Amino acid sequence: MNNKKIDNTKINNNSYQFNAIATIKSPYQEKFAIPRQPGLVSAAKGQIILQGKANNNELLRGIEQFSHLWLIFVFHGTLAQGWKPLVRPPRLGGNEKMGVLATRSTFRPNPIGMSVVKLDKITPNKQQIILHISGLDLLNGTPILDIKPYIPYSDALTTAQAGFAQQAPQTLLSVEFSTLAIKQLAELKQQHPELKLLIEQVLVQDPRPAYKQEKVDDKVYGMTLYDLNIQWQMQSLTQVKVINIESCN
Ligand code: SAH
């Protein structure tokens, strides 16, 4: 193939237009219950579906040498809601306001997100190249603007200060499954072999709103993973029970 230059210069003023180079296939079908950062739920597996001019093996030459990738993406699910200068980080219990640029809020002046994910494998196919990734925190259908290799010597700064987000969120919950849910998991084993682990890892993060935490809560919650509706309920302050797992269709 000729390595022809692609024109990027049709840019005016301070406004830039980018085309997505890929979209994400993710188990997360809605914002609720997606972990707050990548890497927290290793059982979350997704696929990067390259598209247009980017669906070309040449763009990926050498990428298999990297175990992790940066994904630069559009918060397409929330961009219509705009942004405010101050946001309430869930890490602060939703009570304190911080400047949007001091947080990883999805509601930003430019709704751009960045996540490090693990690159598991690439399935090259003449028509469609797919990067298989895990540990993602992205909504299904998220448009990807760019992919870059993760470079530990420069990207991993172990002595960096991170104020209110210094430590990974504490996971104090334990997860159990009802007899019905165990039976349903067994039936789904073929299609989703890691479903139990995925549900556990997601629920341990306690996806409920910050103000509900550390309070008695008898609400039945629901989340959608793949095409499944998963219902759960708190049994105590620290115990979660998965009650029911059923197909959305
Ligand atoms: N790691 C990214 C995202 C952090 S915010 C960054 O730091 O920029 C993580 C939240 O983004 C998740 O809880 C999920 O609710 C939200 N999210 C993921 N993909 C999204 C999308 N396409 N549109 C809107 N919100 C999204």
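The values are calculated or read from the model by the stated rules, or taken from the named source; none is laboratory data. Every value quoted in this text rests on a predicted model; they were computed, and no experiment measured them. All Cβ positions, even for glycine, are placed from backbone atoms using ideal geometry, and neighbour counts span all protein chains on display. Remember, those area values only see protein heavy atoms, side chains included, never the ligands or the DNA or RNA. Shrake-Rupley method; radii C 1.70, N 1.55, O 1.52, S 1.80 Å.
Considering only residues in segment 74-105 that are among the β-branched types (V, I, T) and touching a residue at least 40 places away in the same chain (Cβ under 8 Å), the one that is nearest to the ligand (Cβ to nearest atom) turns out to be T78. Taken over segment 148-188, the criterion of being open to solvent by less than 60 Å² (accessible area, probe 1.4 Å), closer than 17 Å to Q37 by Cα and touching a helix residue (DSSP H, G or I) at 6+ places or on another chain (Cβ under 9 Å) is satisfied by A165, P169.
Can you pull out every residue in segment 150-165 that is among the aromatic types (F, W, Y), in contact (Cβ under 8 Å) with a residue 24 or more places away in the chain and assigned to a helix (DSSP H, G or I)? The answer is F164, and nothing else. Among the candidates G99, G135, G94, the residue that is under 30 Å from L60 (Cα atoms) and of a type in the set (G, A, S) is uniquely G135. Only one of the numbered conditions (1) exposed (fewer than 11 other Cβ atoms within 10 Å of the Cβ); (2) touching a His at 6+ places or on another chain (Cβ under 9 Å); (3) among the charged types (D, E, K, R) is not met by K118, and that is (1).
The residues listed here are L71, L139; of these, the one that is touching a residue at least 40 places away in the same chain (Cβ under 8 Å), near the ligand (Cβ under 9 Å from one of its atoms) and assigned to a loop (DSSP other than H, G, I, E, B) is L139. Just so you know, in segment 29-47 the residues that are open to solvent by less than 60 Å² (accessible area, probe 1.4 Å) and more than 13 Å from the ligand (Cβ to nearest atom) include one that is nearest to T224 (Cα to Cα), and it is A43. In segment 97-108, of all residues being more than 16 Å from A162 (Cβ to Cβ) and out of contact with any helix residue (DSSP H, G or I) (no Cβ under 7 Å at 6 or more places or on another chain), the one that is most open to solvent (accessible area, probe 1.4 Å) corresponds to K97. Applying a threshold of 8 Å to beta carbon distances and a minimum spacing of six or more residues, or different chains, the list of pairs starting in segment 213-224 at a residue that is of a type in the set (F, W, Y) and ending at one that is open to solvent by less than 30 Å² (accessible area, probe 1.4 Å) reads Y221/P207; Y221/R208; Y221/W232.
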